Amino acid sequence: MKKRLSLLLAVILLLSALSGCASSAPASQPSEAPSVETESAAPAAEAEDGSAEPEAEEPPAPQICDDGRARPSSCGRLQVVDGKLCDESGESVMLRGVSTNSLITSEGFLNDALFRELAEDDGVNLVRLAMYTYGVGVIGYSTGGDKDRHKADIFNGVELARQHDMYVLIDWHILSDGDPNRYADDAEAFFAEMAERYCDCDNVLYEICNEPNGVDWPTVRQYADRIIPVIRERDPDSVIIVGDPQWSSDLGSVAADPLDYDNILYTLHFYAASHGDDSRALVEQVSAQGLPIFVTEYGVTAATGGFPRDLESADKWIELLERERISYCMWAFSTSPEPCSAVRSSVLKYSGFETEDYTQTGLWLLETLAKYNTK
Ligand code: IDC
């Protein structure tokens, strides 16, 4: 009975915490079966991968009470305190997440059953919605794509994350477009709309430019100085994550000339087989200087998303991020036929994944989450 009462209380608390959120998109879309893709070089190796059972290890005792379990219902609106991501009361939190691949080609993954599994079974507390700005046809928001459809996907993803008590990252995924200023008019209108819609939602974080490249920090800064005020005017206490030059690896330039706003973190992206000791040393150095860092995307593969995987380097990275209390999000929870994907390309469903459905990347992800999370 006591148990039931506390459950009821928890539900009431959850509902009241969430009631301020903007009502969002209609219920999740029915999952369509993905088209059967031609298998890349990956699948042959994947066939062996799938037979490996993930190790059933006991998770280690948490060092901090909310380790891995930072949820909007208990941690509320996040903030940056002394260079670290913290909960509403100023305690350090860790977000351990997964990113979609291109959101518009990943719509099948925006479903209730998957978000429940990620949150409840896998211990994921952050989902990143990678909305491509650049791409052919419908894929690129700013290159002739269907803007309403892109936004509907964001609304759907945010609502599913809210329902399953996870934080969510709205990612303005620039890549081949290099300079974030290129589509800054679109970005301004987009983030104004998002911030207006989600100003009362504790679970929403904004990532304003995935990976600037071919430009220097002053150029990215100019963009950030344009977009951040647009968000803050509507959603004053929001957490905003800013990308940096060289595909979000140039934290040195940022540390020398950081932005002048509160609640900002800077993006670091790494791919374990391409970025090793030197990159880790840079993170340690700028983190010691107090620079707030968020790994909104990392892969266990090479930076191409392809082979090789380097799980040893990936483990070293995660140990470092855990030690420095830097949140991280993996690329990608996807069936796209490439080694960076967590799910095999031959899998024709969007939820209910079994051990054999995961690639070696996916199995490593589950093991890593289990190792650092407490249920
Ligand atoms: C790759 C994807 C692939 C996608 C392509 C877009 O894995 O499916 O079609 O890019 O051109 C990044 C980017 C991310 C990349 C990823 C792997 O943020 O979009 O995705 N990567 O190459 N930065 C470093 C690596």
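Read-outs throughout are calculated quantities, based only on the coordinates presented, and are distinct from any laboratory measurement. For clarity, every value in this text was computed on a predicted model and none was experimentally measured. Cβ atoms come from the backbone with ideal geometry, glycine included; neighbour counts cover every protein chain shown.
Below is a table of values for the structure above.
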{"quantity": "Where the Cα pairs of the stretch 91-162 fall when distances are cut into 10 Å bins, in %", "calculated": "20, 47, 24, 8, 0"}
{"quantity": "Separation between Cα centres of the stretch 87-109 and the stretch 255-315, rounded to whole Å", "calculated": "16 Å"}
{"quantity": "Rg/Rh (Cα only; Kirkwood hydrodynamic radius) as it applies to the stretch 208-252", "calculated": "1.01"}
{"quantity": "GluC sites (Glu not before Pro) within the stretch 90-171: DSSP coil, no more than 15 neighbouring Cβ in 10 Å", "calculated": "Glu91"}
{"quantity": "Label-point separation, Leu348 to Val136 (7 Å along Cα→Cβ), nm", "calculated": "2.5 nm"}
{"quantity": "Long-range Cα-Cα pairs in the stretch 266-334 (distance over 21 Å), rounded percent", "calculated": "16 percent"}
{"quantity": "Chain lengthening between Asp257 and Glu117 when straightened (0.36 nm per residue, less Cα-Cα)", "calculated": "46.3 nm"}
{"quantity": "Computed lengthening from Arg182 to Glu233, 0.36 nm per intervening residue step minus Cα-Cα distance", "calculated": "16.1 nm"}
{"quantity": "Diffusion coefficient, µm² s⁻¹, Stokes-Einstein with Kirkwood Rh over alpha-carbon pairs of the stretch 244-375 at 10 °C and 1.306 mPa s", "calculated": "102 µm²/s"}
